[in-house]
Ligand SMILES: [Zn+2]
């Protein structure tokens, strides 16, 4: 395993700087390098990739049909492909080994293409703590087709929760809030992640009026991507609340887990800083900001001695917020995509720019959180 990954790491050094402008000459060179590499050339996945590269050269296109077909068939535990993802610039020619995770029976009725996995060994492009998933549109072909598998790296999600979210929970929430998450084991974190990513993708793909991948393009600008992340996690949290009879103990536990990640962590560790010191929040961080502002203005949470407190009517506030988003999405039956996009943008901007001067706003609170935690 290690030897194969090390060979892929060597290819990265040569080719990743060319990923944004792959031309036929580079593709031919890459193909030659894979073929003459004794370790890589023997792999079945390499053969699919080589066939695809050949097609790309002939058609002057960026298709990875055989590679993706192989991945979607879930035949092996190794992925080898060429990636180009705007939100994950470290990706290029990459590979990883993984182990599939058994999913609890109760989740099977929620249809999704998600594959929760444990990453076993990966090339350097996947090292960043923020690279926790592989989406079909991350391959250079850049598209997500219905049925394409989505990989979530459960052990990387779990580590982020253990290293960051748990710190926030210890220092920055009141003693009666998030009680199910205090003192949990690493194994429990992993099982909560499996529920989260499963329900998350289920909501992206099948719930609401503008599901993904059909409306991926409409939702691809950063602020709308943030709103979409918020929408699906709201749906997942509320599904947990409503599924107590089937989920039992997991219901409240997973609810609090998703809430902690969406509300507390992304706004804290999802922000990078430009050279001049200005904030550059990820779309996930924007979703935390919007979420925080809405919850505080509608009394779903409050700040007590600088700590976040979950108020008794939190669930009603979550329901209201989700209904508002769905109401805008539903306009698609009478309005054009451009008009609905405009409405979603207005709504998101309002959530981001809290105007209530009596209450603390998200940018100020998360700045404080980052200062205390990171
Ligand atoms: Zn998502």
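Every read-out reported here was derived from the displayed coordinates using simple, explicitly stated rules and does not represent laboratory data. Quantities reported herein were computed from a predicted structural model and do not represent experimental measurements. No Cβ is skipped: glycine too gets one built from the backbone with ideal geometry, and neighbour counts run over all protein chains shown.
The calculated FRET efficiency for residue 3 paired with residue 100, based on their beta-carbon distance and R0 = 22 Å, is about 0.45. Can you tell me the 0 to 90 degree angle between the C-alpha axis of helix 249-259 and the longest principal axis of the chain, rounded to 10? Long axis of 249-259 versus the principal axis of the chain: about 80 degrees. Listed by Cβ neighbour count within 10 Å, with the fewest neighbours leading, 337, 329, 357 appear as 357, 337, 329.
Summed over qualifying helices (DSSP H, 4 residues or more, each -39500 (n - 2.57)) and divided by its residue number, the chain shows a 222 nm mean residue ellipticity of -15500 deg cm²/dmol.
Inter-part distance, the stretch 220-272 to the stretch 298-373, computed on C-alpha centroids, equals 13 Å.
Sorted on the mean count of surrounding Cβ atoms within 10 Å across their residues, most packed first, peptides 300-307, 101-108 read 300-307, 101-108.
Distance from the alpha carbon centroid of the stretch 18-55 to that of the stretch 109-164 works out to 23 angstrom. Rg and Dmax, both from the Cα atoms of the stretch 152-215 and both in Å, are 14.6, 43. Beyond 27 Å, what share of the Cα-Cα pairs of the chain is found? Please give it as a whole percent. That tail contains 51 percent of the Cα-Cα pairs. Axis of helix 362-373 versus longest Cα principal axis of the chain: the two differ by about 70°, to the nearest ten degrees. Compared with the dominant Cα axis of the chain, that is its longest principal axis, helix 2-15 is turned about 90°.
The Rg/Rh ratio for the stretch 28-127, using Cα coordinates for both the radius of gyration and the Kirkwood hydrodynamic radius, is 1.01.
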